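Visitor: One structure follows; several queries about it will come next.
Values quoted throughout were computed directly from the atomic coordinates according to the rules given, and no laboratory measurement underlies them. Predicted, not measured: the structure shown is a model, and the values here were computed from it. So basically every Cβ, Gly included, is an ideal-geometry build from the backbone, and we count neighbours across all protein chains shown.
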Amino acid sequence: MQGKFITFEGVDGCGKSTQLCLAEAYLREKGCDVLLTREPGGPAISEQIRAMLLDPENRDMCDEAEALLYAAARVQHLHETILPALTAGKVVLCDRFLDSSLAYQGYGRELGEGYVLSINAFAAAHQPDLTIYLRYAPEAARARIASRPADRLEQQGDPFFARVHAGYERIAVQNPARVAAIDAGDTVEAIQKQIVVRLDALLAR
């Protein structure tokens, strides 16, 4: 039985981690075999790439190298973790996927959608069944994470995150059947209820 592939997207500080954990608990209560994973990351090789990408000391990394490293981590993640889990019939919950590269590197770094899609051709062939996009104003999201040490991406300025947000909005408009845009400024409980509706609809297919 083929499983279900569900991704969670949004700017840093939008509340993805909280909602991912709640979604995992809900799906397990329904008897689903759930795999919770993240990007960049997952298997050991992808986690090593993650450390390189987010290390604030790597400030000299060029934008193209950054995008290529995200793509490399993603391919390994797909091969080693995501696709085997889907083949086994699991529900895969993933914190970020290709949409993040489109938003952060395509729009934030201004490399363009075409460049990002070309280096992620393998990943683009494995689109999620559902993407939960937690819509949140970038300035409010940055205020949420201001008290914690910033990684290399989080150290970027306001114009960068405004472009990332605009990128996510464009992705949501372009993919209405896949992307569920949910107001992340609401209460945790209200957001979870909206996500549960989407999860139930997907599982009923």
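Visitor: Just flag the trypsin sites (Lys or Arg not before Pro) in segment 1-77 sitting in loop per DSSP whose Cβ has no more than 15 other Cβ atoms within 10 Å. If you can, show how the numbers build up before the last one.
Guide: Numbers: sites: 4, 16, 28, 30, 38, 50, 59, 74; in loops: 30, 59.
Those that pass, being in a loop and sparsely packed, are 30, 59.
Visitor: Measuring from label point to label point, each 7 Å out along Cα→Cβ, what is the residue 33 to residue 45 span in nm?
Guide: 2.4
Visitor: Please list, by residue number, everything in segment 117-148 whose backbone N is under 18 Å from a paramagnetic label point 7 Å out along Cα→Cβ of residue 52.
Guide: 119-120
Visitor: Please list the radius of gyration and Dmax for segment 102-153, considering alpha-carbon atoms only, with Å as the unit.
Guide: Cα radius of gyration and Dmax of segment 102-153 are 14.2, 38 Å respectively.
Visitor: Still on this model: Kindly provide the Kirkwood hydrodynamic radius of segment 63-118 in Å, to one decimal, from all pairs of distinct alpha carbon atoms.
Guide: Numbers: mean 1/r = 0.0833 Å⁻¹.
Result for segment 63-118, one decimal place: 12.0 Å.
Visitor: I would also like to ask the following. For the chain, count all C-alpha to C-alpha pairs, find those more than 32 Å apart, and express that count as a whole percent of the total. List each step's numbers first, then the result.
Guide: Values: 2304 of 20910 pairs.
That fraction is 11 percent.
Visitor: Here's another thing I want to ask about it. Taking a spot 7 Å from the Cα of residue 137 along the direction of its beta carbon, which residues of segment 161-186 have an amide N less than 16 Å from it?
Guide: 161-163, 165-166, 183-186
Visitor: On to the next question. Please identify every one of the chymotrypsin sites (Phe, Trp or Tyr not before Pro) in segment 15-105 that sits in a loop by DSSP and has no more than 13 other beta carbons within 10 Å of its own beta carbon. Intermediate values should be presented prior to the final figure.
Guide: On the way: sites: 26, 70, 97, 104; in loops: 97.
Loop-located and lightly packed - none at all.
Visitor: In nm, to one decimal, how far is the modelled label at residue 125 from the one at residue 203, with both set 7 Å along Cα→Cβ?
Guide: 3.1
Visitor: Given points 7 Å out from each Cα along the Cα-Cβ axis, report the residue 59 to residue 145 separation in nanometres with one decimal.
Guide: 1.9
Visitor: Check each of the GluC sites (Glu not before Pro) in segment 13-111 and keep only those in coil by DSSP with at most 10 other C-beta atoms within 10 angstrom; list them in order. Don't skip to the answer; put the middle values down first.
Guide: Values: sites: 24, 29, 47, 57, 64, 66, 80, 110; in loops: 57, 110.
Those satisfying the criteria are 57.
Visitor: With only Lys, Arg, Asp and Glu charged, each at its Cβ (+1 for the first two, -1 for the last two), find how big the charge dipole of segment 115-167 is about the Cα centre; round to the nearest 20 debye.
Guide: Values: 6 positive and 5 negative charges, 23 e Å.
Rounded to the nearest 20 debye, it is 100 debye.
Visitor: Nearest 5 percent is fine: what portion of the DSSP beta bridges confined to the chain is antiparallel?
Guide: On the way: 0 of 19 bridges.
Antiparallel bridges: around 0 percent, rounded to the nearest 5.
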